[in-house]
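FYI, it's all coordinate maths here, none of it is from the lab. What you see is a predicted model; the values in this text were computed from it and never measured. Cβ: placed from backbone, ideal geometry, glycine included. Neighbour counts: every protein chain shown.
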Amino acid sequence: MIKKMILCSLFLPGLMYAGQDEEQDILLRIDRYRVPYEQFLIRTQITTYEGNKIKESALFDAYIKGEDKSLIIEKEGKNKNMKILYVDEKMWVQLPGSRRPIRITPIQRLMGQASNGDVAKVGFVSDYSVVSLDTVRLEDQTCYKLLLKAKWTSSTYNKIILFVLKENCQPVKAEFFLISGKHFKTAEYVQFGLFQGKLLLEKMIIYDELRTDRKTVFEYTVIKEKELPVRYYNKNYLIHVQGL
Amino acid sequence: MNIKKIMIVFLFLLPGILWGAKWRFFSLYKNYYTCYRDSWFNPDNRSIKVLGFTNGLHGSLFQHMSLETEVFTLQWKIDILGKLSYENEEWDNNIDIKQFYFQKDLSMNLVLMTGRTILCWGTGYAFNPTDVVAPNKRLNDPDNRERLVRGNDLVKLEYFGETFSLAFCYLTTIDMESNLRSWRSRSALRFYKNIFDVDLSFISCFDKEQSPLWGINFSSVLGERFEFHGEFSTQKGSYHYYHKSVRQEPRLFSENPLSDCRRNDDHFYNRYLAGFQYTLPKNILWITEYYHQDQGYSRREWESVMDQQEFIHSRLTSPFEKSAEINLLWSLNIFSAKGAMRDYLFNYIQIPVNRRLDIRSTCLLNLVDLSYVFIQELNVLIGKHFTFYERNYIFQGKRKTEFGEFFQSFYFEIGIYMK
């Protein structure tokens, strides 16, 4: 009996590690719907609604490089030509006309219910680890329910409850929480489409938990492989960025 | 001169059109009322009258045009400002090239920039002790929203690494020490790196007529809403212009009494700034900064300056009236955009009431004599492109204080801008 227990205890870490491996694998599969290449351009139309009325609309181009860098340019909207740089959990904004980039945080509001981090960061793997994994039924579909915890204090959200389809790990819904434990907002992943032969997220709606009549719609109109030189991800190069 | 400028503009418009340049237009129309004060620097508005200024309503129309494009990997940008104004009972017009520069990526990491441009190396909002490349700031518009600031003529070579950058800059700039303008050429170096979540820049500046300046600045964030920053610079000797009355008994001077008499001092003069930017709920922005400059007048020195003004005043009704009047005008140059004294507290609050209306207030407090400038501003967005604004300045303080003796007491401005 004792021998069996010793044998089991020897295998336990391995089994636990295998579990973590599976969870990590699910997270990677989820990210494939949002992170199709190592470096790419993602064009996002963000529209905020109050009731059924459009309140604000803007178009953003995000140049994503790996897990830790992105450059966002507002192409149309109130702050046209505004640039946001995200590098290694740090964020700067260069407002149009200003010659000085200023530090900001990912949670700060970009527009409507959209935070800076919602546009700058598209994947989960680099910022969150899986705390628990369950199988649940959600709107007549079998889903994985993942509880994600932020790896870094600078991550956009402290905790995320993410629902994905069990059959293909396609995201369905996410609930976002702040450090205070407050349920901040909820995202619904409503539409997927083909971009250069890859099935990717095409439309996402974020609902405000406090003001239920308010929602922000993200529509991804262009997702394509695109590489920018490394200087574009240097804070001091922001004032030089032209022609993108 | 204007024809030359128009020719340059025309030359660059044509390829701009051909190569599909990006155009931006910004129009600003403002009316303003200035109320000058009877002070020791401006008794019975005498100094102001000699300079041709009048109490009353003035108006200016600014038309700003910006054009940028890329031709065969050479990027260039031009910002032109046309001004039509009615000031001090006279019409005036002017065209000024605020920015005009070329930029070329020499390699994947090396960028060359040449021409006239506005650079910013500091982290402070109101003052920048380390910013040796930036043009002088305007207190009412540190972000240059009105696009009235003229860039410096420079050549800049910058290497961009993944986590650092190294810049060399050679520039010609208008120096505004004690409000006396002088053209200066200098070279400057900056090394930037983000270390432990802090943006750090080491800056040095070399000028053949001055000792080297060394500086360091930083900025970082704490939590979700708090940004903090600081700057420190030091230089052997002071290049500030002081009124000779700080070392001599009051008298009428026969030549400009302002001089950089401490340029050969052996000790180091420091300037430093510490501040934060906090975003309160409902996107209320709050900026506070403390600024110190060793170069500024001490309380005792300021008292000497005021004794001098009293002396000049007593001579205005004597046979030396003309000489006294000229001395008054020279004394006006004591007031500087960089502050005349040593310690200041700057405070700025921006309250977005709703999507169309925001209220801003700025206060610069002289911590030595507790005099202050208060600027209140209101912006109303009309439609998609027009913004109506109202802004007023109040210069306040007891007699013989910096802002209490400033030659303006009140300034009111209303305007509309379109972009």
Legend entry - Karplus-derived 3J(HN,Hα), 6.51/-1.76/1.60, for each residue of region A:163-177, Hz, glycine and proline x: 10, 9, 5, 5, 5, 9, 6, 6, x, 10, 7, 9, 10, 10, 10
Inset, instruction - Just check region A:151-244 against the gyration tensor rule for me: Cα atoms, a ≥ b ≥ c as the square roots of the eigenvalues, rounded for a/c under 1.5, and otherwise prolate or oblate depending on whether a/b exceeds b/c. - result: oblate
Legend entry - Backbone HN-Hα couplings from phi across region A:42-59 [Karplus 6.51/-1.76/1.60, Hz, Gly and Pro as x]: 10, 9, 10, 9, 10, 10, 9, 10, 10, x, 9, 9, 6, 9, 7, 9, 7, 10
Inset, instruction - Take each of the peptides B:318-325, B:408-415, average the number of other beta-carbon atoms within 10 Å over its residues, and list them starting from the highest. - result: B:408-415, B:318-325
Legend entry - For q = 0.13, 0.18 Å⁻¹, Debye-computed log10 I/I(0) when each Cα of region A:51-170 counts as one equal scatterer: -0.63, -0.99
Legend entry - Simple spin-label estimate for B:Tyr170 and A:Arg43 in nanometres, 7 Å along Cα-Cβ: 4.3 nm
Inset, instruction - Identify, among B:Phe218, B:Asn379, B:Ser361, the residue whose Cα sits farthest towards the positive end of the charge dipole of chain B, taking +1 on the Cβ of Lys and Arg and -1 on the Cβ of Asp and Glu, with the dipole about the Cα centre. - result: B:Asn379
Legend entry - Residue list for region B:152-172, given a label point 7 angstrom along the Cα-to-Cβ vector of B:Thr114 and an amide N cut-off under 17 Å: B:152-159, B:168-172
Inset, instruction - May I ask you to compute the full-extension gain from A:His183 to A:Asp68, defined as 0.36 nm times their residue separation minus their alpha-carbon distance, rounded to one decimal in nm? - result: 38.8 nm
Inset, instruction - Considering the options B:Thr123, B:Gly404, A:Tyr37, tell which one lies farthest towards the positive end of the dipole of the protein assembly as shown, charges being +1 on Lys and Arg and -1 on Asp and Glu at the Cβ, about the Cα centre. - result: A:Tyr37
Inset, instruction - Could you run the Karplus curve 6.51 cos²θ - 1.76 cosθ + 1.60 with θ = phi - 60° over region A:202-219 and give me ³J(HN,Hα) per residue in whole Hz, x for Gly and Pro? - result: 10, 8, 9, 10, 10, 9, 7, 6, 8, 10, 5, 7, 9, 9, 10, 9, 9, 10
Inset, instruction - Compute the semi-axes of the equivalent ellipsoid of the protein assembly as shown, taking the square root of 5 times each eigenvalue of the Cα gyration tensor, and list them largest first in whole Å. - result: 54, 27, 25
Legend entry - Label-point gap, in nm, between A:Glu50 and B:Lys208 - each point 7 angstrom along Cα→Cβ: 6.2 nm
Legend entry - Order of A:Trp92, B:Trp91 - criterion: other Cβ atoms within 10 Å of each residue's Cβ, fewest first: B:Trp91, A:Trp92
Legend entry - Built amide H within the under 5 Å cut-off of B:Gln408, gap 5+: B:Arg37
Inset, instruction - Measure nothing but the geometry: give the 0 to 90° angle between the long axis through the Cα atoms of A:2-31 and the longest principal axis through the Cα atoms of chain A, rounded to 10°. - result: 20 degrees
Legend entry - Theoretical FRET efficiency, 1/(1+(r/R0)^6), r = Cβ-Cβ of B:Lys384 and B:Phe320, R0 60 Å, to 0.05: 0.50
Inset, instruction - Mind giving me the FRET efficiency for B:Val198 and B:Leu329? R0 is 56 Å, r the Cβ-Cβ distance, nearest 0.05 is fine. - result: 0.75
Legend entry - Semi-axis lengths, Å, region B:294-419, gyration tensor of Cα atoms, sqrt of 5 times eigenvalues: 37, 18, 10
Inset, instruction - With viscosity set to 1.567 mPa s and temperature to 4 °C, compute the Stokes-Einstein D of region B:118-197, Rh being the Kirkwood radius across alpha carbon pairs; µm²/s, no decimals. - result: 93 µm²/s
Legend entry - For B:Asn140, distant residues with modelled amide H under 5 Å away: none
Inset, instruction - Enumerate the helices in chain B for which the Kyte-Doolittle hydropathy averages -1.0 or more and the C-alpha atoms extend at least 20 Å along the helix's axis, using complete DSSP H runs. - result: B:2-18
Inset, instruction - Grab the Cα-Cα distance for B:Ser298 and B:Asn94, subtract it from 0.36 nm times how many residues apart they are, and report the gain in nm with one decimal. - result: 69.5 nm
Inset, instruction - With +1 on each Lys and Arg Cβ and -1 on each Asp and Glu Cβ, and nothing else charged, work out how big the dipole of chain B is about its Cα centre, in Debye to the nearest 20. - result: 660 debye
Inset, instruction - Quick one: which residues, 5 or more positions from B:Met341 or on another chain, have an amide H under 5 Å from its amide H? H modelled 1.01 Å from N in the peptide plane, none for Pro or chain starts. - result: B:Tyr297
Inset, instruction - Using R₀ = 60 Å, calculate the FRET efficiency as 1/(1 + (r/R₀)^6) where r is the Cβ-Cβ separation of B:Glu249 and B:Lys83; round to 0.05. - result: 0.85
Legend entry - Extended-chain gain in nm, criterion 0.36 nm per residue less alpha-carbon gap, B:Phe268 and B:Leu189: 26.4 nm
